[in-house]
Amino acid sequence: MEKKLFGYMPDGCAVYSYTMKNGKMEAEILTLGGIIRRLEVGGTDVVMGFDTIDDMLTDTSNQGALIGRYGNRIKDAHFFIDGKEYKLYVNTGKNNHLHGGKYGFNRKLWNAEVKSENELVLTYLSPDGEENYPGNLDVKVTYTLYEDAIGIHYEAVSDKDTFVNLTNHAYFNLNGADGSKILDHVLQINADTYTAVDHELIPVGREPVAGTMFDFRTPKRIGQDLHGTVVTDPDFGYDHNFNLTGAVKETYDGKELNVCAVLSNGKLTMTTLTDQLGVQFYSANFLEHPGIQFKGGVELNRRMALCLETQFEPDAPTRGENLLKAGKVYVTDTVYRFE
Ligand code: BGC
């Protein structure tokens, strides 16, 4: 594994990059946000990202980063544990919380330890009260580069009851990070239901996918049925959680995982495997910032990539679900496999 100085944070702290190679795969991971900055499959870089730390810190789309403490939205930016209210930072909609708040895990410097040539362990201790979440939370994320996949193993343990929902926010385009749109990629998602949302993207309950634009049970061109899903934006697209209950299972590196989604551009196929029961399919609807450029000078544009963020169904804290009890270990695995 190759370690390099990547640059410096505004406060002068160094950011390092770690590059692993295995067969046709090559991955570059940063200690800033645990960002997957580059993921090459047979020479094609399939993830979007930025060249400079400045751009990464200005970015609000969380390119390639680890998301925490709580991925996705929490309605009214608060939750209760044992009757006590915890107020969270409002950073989406009128009054909601998204992806861990103002300074989520995507903005943190992680400690890195090379476990083997193809395994990088990142750790971060999120102090009690950070972003107003309770408990000192010890987080450990292991990136493993296989000959045909990248695996992400998440672990976290807190000394107080708390809410945690970790994921990675890579933006994939199997054509390469060249600015082309993903509308012609073909996607299959093994979900019979999805989580319907209101105009602020807050869950309102599960709905069957049958007969809707959310039906990806058989492979479908992403652009085929894509139309407005939010009243204020007639062309909004997908930003929804799909429920993987009933998905077929497959064993990868000894772990039994749900076959969550299969994405293809006709040349490359990416299979997302996870032990989670939810995946947020986001068609990069908000990525539209003329003048801002990705690595290689590519202009940011809507639908130039997509995210498949494996996670709990959004807004679980509001429903009092998925509480991580003090001392219990939160563990989850996701694998993105390429052929
Ligand atoms: C959310 C989007 C959000 C994006 C960038 C996705 O996970 O669902 O609504 O714009 O992340 O933060």
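The values are calculated or read from the model by the stated rules, or taken from the named source; none is laboratory data. Since this is a predicted model, take the numbers as computed values, not measurements. Cβ atoms come from the backbone with ideal geometry, glycine included; neighbour counts cover every protein chain shown.
Which one of these is surrounded by 23 or more Cβ atoms within 10 Å (Cβ to Cβ), within 24 Å of THR334 (Cα to Cα), within 16 Å of the ligand (Cβ to nearest atom) and at pLDDT 95 or above: ARG107, ARG69, ARG37?
Values: ARG107 fails: surrounded by 23 or more Cβ atoms within 10 Å (Cβ to Cβ); ARG37 fails: within 16 Å of the ligand (Cβ to nearest atom).
Within the list ARG107, ARG69, ARG37, the selection yields ARG69.
TYR16 - would you say it is of a type in the set (Phe, Trp, Tyr), farther than 25 Å from THR195 by Cα, at pLDDT 95 or above and within 15 Å of the ligand (Cβ to nearest atom)? No; evaluated as a whole, the condition is false for this residue.
Tally up the residues in segment 101-115 that are within 25 Å of PHE6 (Cα to Cα) and free of Cβ contacts under 8 Å to residues at least 60 places away in the same chain, please.
Initial filter on segment 101-115 (within 25 Å of PHE6 (Cα to Cα)): 102-115.
Subset that is free of Cβ contacts under 8 Å to residues at least 60 places away in the same chain: 102-104, 113, 115.
The number of residues fulfilling the criteria is 5.
For segment 40-58, a residue qualifies if it is in contact (Cβ under 8 Å) with a residue 40 or more places away in the chain, within 15 Å of the ligand (Cβ to nearest atom) and either crowded, with 23+ Cβ neighbours inside 10 Å or of a type in the set (A, V, I, L, M) (or both), and the qualifying residues are VAL47, MET48, GLY49, LEU57. Of the residues in segment 255-269, none is polar (S, T, N, Q), crowded, with 19+ Cβ neighbours inside 10 Å and closer than 26 Å to ASP59 by Cα.
Total residues in segment 78-99 satisfying the condition of being free of Cβ contacts under 8 Å to residues at least 40 places away in the same chain, within 15 Å of the ligand (Cβ to nearest atom) and not in a loop (DSSP other than H, G, I, E, B): the figure is 2.
Filter segment 244-287 for residues that are among the polar types (S, T, N, Q) and in a strand (DSSP E or B); which is nearest to the ligand (Cβ to nearest atom)?
Taking segment 244-287 as the starting set, the residues that turn out to be among the polar types (S, T, N, Q) are 245, 251, 258, 264-265, 269, 271-272, 274, 276, 280, 283, 285.
Now narrow it down to the ones that are in a strand (DSSP E or B): 251, 258, 264, 269, 271-272, 274, 280.
Working: THR251: 28, ASN258: 19, SER264: 22, THR269: 23, THR271: 20, THR272: 15, THR274: 15, GLN280: 5 Å.
Filtering first and then ranking leaves GLN280.
Just one of (1) among the hydrophobic types (A, V, I, L, M, F, W, C); (2) touching a strand residue (DSSP E or B) at 6+ places or on another chain (Cβ under 6 Å); (3) not in a strand (DSSP E or B) fails for ALA27. It is (3).
Consider THR58 carefully, then state whether it is more than 17 Å from the chain's Cα centre (by Cα), modelled with pLDDT of 95 or more and of a type in the set (Ser, Thr, Tyr). Judged against the criteria, THR58 is not a match.
Among the listed residues ASN301, ASN241, which satisfies the condition of being in contact (Cβ under 8 Å) with a residue 40 or more places away in the chain, under 26 Å from ASP51 (Cβ atoms) and within 16 Å of the ligand (Cβ to nearest atom)? Give the steps one after another, and end with the answer.
Numbers: ASN241 fails: under 26 Å from ASP51 (Cβ atoms).
Only one candidate qualifies: ASN301.
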